[in-house]
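Asks: Please find one structure pasted underneath; my questions will follow.
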Amino acid sequence: MRSMSHTLSLQTSGRGLVPITDAVQDWLASVARGRGANGVLTLFCRHTSASLLVQENADPEVLADLDRFFGRLVPDGDALFRHTAEGADDMPAHVRTALTQVHLSIPVVEGKLTLGTWQAIYLFEHRRRPHRREVVLQYLGT
Amino acid sequence: MRSMSHTLSLQTSGRGLVPITDAVQDWLASVARGRGANGVLTLFCRHTSASLLVQENADPEVLADLDRFFGRLVPDGDALFRHTAEGADDMPAHVRTALTQVHLSIPVVEGKLTLGTWQAIYLFEHRRRPHRREVVLQYLGT
Amino acid sequence: MRSMSHTLSLQTSGRGLVPITDAVQDWLASVARGRGANGVLTLFCRHTSASLLVQENADPEVLADLDRFFGRLVPDGDALFRHTAEGADDMPAHVRTALTQVHLSIPVVEGKLTLGTWQAIYLFEHRRRPHRREVVLQYLGT
């Protein structure tokens with residue numbers, strides 16, 4: 001049984017979903033080293049205004065619609081919010097993070113993530129400006 | 001320390017919550033084999049229009065209310081959405097999945113899930129038509 | 001590889017976010033016992049009307065805004081709901097729990113949670129009255 005971790009560092013270009021499946025799989029492959037690896041991969045986003053999401057990998061319009069939905073549900077500059085010192089998109093970014101999540105656990109079977117055919121992993125940037133984001137990857141298993 | 005996995009295959013009958021606690025516990029019992037099993041059970045739904053939820057196991061009206069709430073929050077055929085090729089309920093299904101989650105991690109102590117008295121595990125089908133769904137179960141522990 | 005668990009018992013004072021980072025870290029430190037502990041900490045909230053959240057640790061206004069947002073999104077006494085026997089805030093509490101989550105998985109590297117600089121762990125009480133709540137902590141790792 002092994003425990004291995006790695007921090008993925010990403011530059012976002014503002015609000016929207018950034019695919020990270022390839023980067024995650026590349027790291028997992030380097031850890032699995034061709035052996036039969038069975039266990040769990042945990043991903044953890046170290047921020048309160050960006051989150052993780054498993055979503056469709058086919059039509060980019062799905063990703064745009066997701067962002068549009070959250071933009072309508074939690075409008076920037078909403079008069080409800082009092083925490084406004086960091087900008088009109090800051091508190092909405094915290095809410096969007098709370099409505100999604102900062103962690104993912106994905107079973108690994110024989111060295112591969114058990115993602116479905118249409119699934120991909122995304123970092124969801126909720127701030128309007130580009131940010132540097134860190135996602136911790138942790139593999140625990142054989 | 002052991003790592004064991006199994007894929008649960010389910011037929012849904014359209015939108016709504018399907019209880020899977022018994023199926024999950026049965027598999028866990030077969031893996032625990034009467035020994036003191038301590039670890040974590042990870043569940044992973046391999047879809048982008050169905051999700052996993054821990055919710056009340058007592059009053060079925062709670063499940064109906066949950067579905068009603070999501071139906072109002074993300075209406076089928078919402079003019080906001082551009083990804084409409086797969087039907088009026090497809091993009092809402094993706095959003096509902098994003099608002100809940102596709103993974104669950106539940107500690108296992110002495111061979112049993114640490115669910116609370118009122119908790120049950122559900123697969124949440126978000127499409128209107130019946131679908132075949134897969135949930136990966138992964139036990140990692142002693 | 002070790003598997004250790006503990007149940008954190010908390011008294012809430014009604015709706016709102018209760019910080020639990022210190023209690024979680026204290027338990028982890030007692031388990032890590034000065035050794036290089038690498039693995040995953042799983043938290044599991046054993047209720048259907050309280051949940052877990054990773055959110056900002058700096059400005060308390062963020063927590064108040066989060067609660068205000070959920071209060072507007074899922075109003076107490078909403079006429080949509082039929083499960084009303086346990087009070088006007090009961091079904092909204094179930095929905096708020098579904099929109100956040102009852103489990104968290106956080107990688108542990110060298111004995112420490114990999115939380116970001118601005119992150120803290122909260123129990124989110126969704127009922128108006130005080131409740132006693134249980135959160136299972138499970139450490140799996142070296």
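Asks: Mind checking whether some residue in segment B:124-131 is of a type outside the set (Phe, Trp, Tyr), under 21 Å from B:LEU8 (Cβ atoms), within 14 Å of chain A (Cβ to nearest Cβ) and touching an Asp or Glu at 6+ places or on another chain (Cβ under 7 Å)? Walk me through how you get there before you give the answer.
Replies: Initial filter on segment B:124-131 (of a type outside the set (Phe, Trp, Tyr)): B:125-131.
Cutting the leftovers down to under 21 Å from B:LEU8 (Cβ atoms) gives us B:125-127, B:129-131.
Filter once more, so that each one left must be within 14 Å of chain A (Cβ to nearest Cβ): B:126-127, B:131.
Still in the running and touching an Asp or Glu at 6+ places or on another chain (Cβ under 7 Å): B:127, B:131.
Yes, the conditions are met somewhere in segment B:124-131.
Asks: Residues in segment B:85-92: is at least one in contact with a strand residue (DSSP E or B) (Cβ under 8 Å, 6 or more places away or on another chain) and either open to solvent by 40 Å² or more (accessible area, probe 1.4 Å) or under 29 Å from C:VAL40 (Cβ atoms) (or both)?
Replies: From segment B:85-92, those in contact with a strand residue (DSSP E or B) (Cβ under 8 Å, 6 or more places away or on another chain) are none; that's our starting set.
For segment B:85-92, residues in contact with a strand residue (DSSP E or B) (Cβ under 8 Å, 6 or more places away or on another chain) and either open to solvent by 40 Å² or more (accessible area, probe 1.4 Å) or under 29 Å from C:VAL40 (Cβ atoms) (or both): absent.
Asks: Of the conditions (1) of a type in the set (S, T, N, Q); (2) open to solvent by 10 Å² or more (accessible area, probe 1.4 Å); (3) within 21 Å of A:HIS94 (Cα to Cα), C:THR100 clears all except one; give me its number.
Replies: In the conditions (1) of a type in the set (S, T, N, Q); (2) open to solvent by 10 Å² or more (accessible area, probe 1.4 Å); (3) within 21 Å of A:HIS94 (Cα to Cα), C:THR100 misses (2) alone.
Asks: Restricting segment B:47-58 to residues that are more than 9 Å from chain A (Cβ to nearest Cβ) and open to solvent by less than 50 Å² (accessible area, probe 1.4 Å), which is nearest to the chain's Cα centre (by Cα)?
Replies: From segment B:47-58, those more than 9 Å from chain A (Cβ to nearest Cβ) are B:50-58; that's our starting set.
Of the ones still in play, those that are also open to solvent by less than 50 Å² (accessible area, probe 1.4 Å) are B:50-56.
On the way: B:ALA50: 7, B:SER51: 5, B:LEU52: 2, B:LEU53: 5, B:VAL54: 8, B:GLN55: 10, B:GLU56: 13 Å.
Taking the candidates together, the pick is B:LEU52.
Asks: Among the residues in segment B:106-115, are any at the interface with another protein chain (Cβ under 7 Å from one of its Cβ atoms) and either more than 25 Å from B:ALA37 (Cα to Cα) or touching a Leu at 6+ places or on another chain (Cβ under 7 Å) (or both)?
Replies: Within segment B:106-115 (the criterion being at the interface with another protein chain (Cβ under 7 Å from one of its Cβ atoms) and either more than 25 Å from B:ALA37 (Cα to Cα) or touching a Leu at 6+ places or on another chain (Cβ under 7 Å) (or both)), the answer is yes, since at least one residue qualifies.
Asks: Let me ask something else about it. Checking the conditions here, which among A:PHE69, A:PHE44 is over 24 Å from C:GLY116 (Cα atoms) and crowded, with 21+ Cβ neighbours inside 10 Å? Break it down stepwise before answering.
Replies: Numbers: A:PHE44 fails: over 24 Å from C:GLY116 (Cα atoms).
Being over 24 Å from C:GLY116 (Cα atoms) and crowded, with 21+ Cβ neighbours inside 10 Å holds for just one of A:PHE69, A:PHE44, which is A:PHE69.
Asks: Let me ask something additional. Any chance you could count how many residues in segment A:67-85 are touching a helix residue (DSSP H, G or I) at 6+ places or on another chain (Cβ under 6 Å) and either under 26 Å from B:SER105 (Cα atoms) or more than 11 Å from chain C (Cβ to nearest Cβ) (or both)? If you could, list the steps in order and put the result at the bottom.
Replies: Here is the first cut: in segment A:67-85, the ones touching a helix residue (DSSP H, G or I) at 6+ places or on another chain (Cβ under 6 Å) are A:69-70, A:74, A:76, A:80-83.
Now restrict to residues that are either under 26 Å from B:SER105 (Cα atoms) or more than 11 Å from chain C (Cβ to nearest Cβ) (or both): A:69-70, A:76.
Residues in segment A:67-85 being touching a helix residue (DSSP H, G or I) at 6+ places or on another chain (Cβ under 6 Å) and either under 26 Å from B:SER105 (Cα atoms) or more than 11 Å from chain C (Cβ to nearest Cβ) (or both): 3 in total.
Asks: Can you name the condition, by its number, that C:ASP22 falls short on among (1) open to solvent by less than 40 Å² (accessible area, probe 1.4 Å); (2) closer than 25 Å to A:HIS6 by Cα?
Replies: (1)
The values are calculated or read from the model by the stated rules, or taken from the named source; none is laboratory data. As the structure is a prediction and not an experimental result, all values here were calculated from the model. When we count neighbours, we look across all protein chains shown, and the Cβ atoms used for this are built from the backbone with ideal geometry, even at glycine. Note: areas computed on protein heavy atoms with side chains; ligands, DNA, RNA excluded. Shrake-Rupley method; radii C 1.70, N 1.55, O 1.52, S 1.80 Å.
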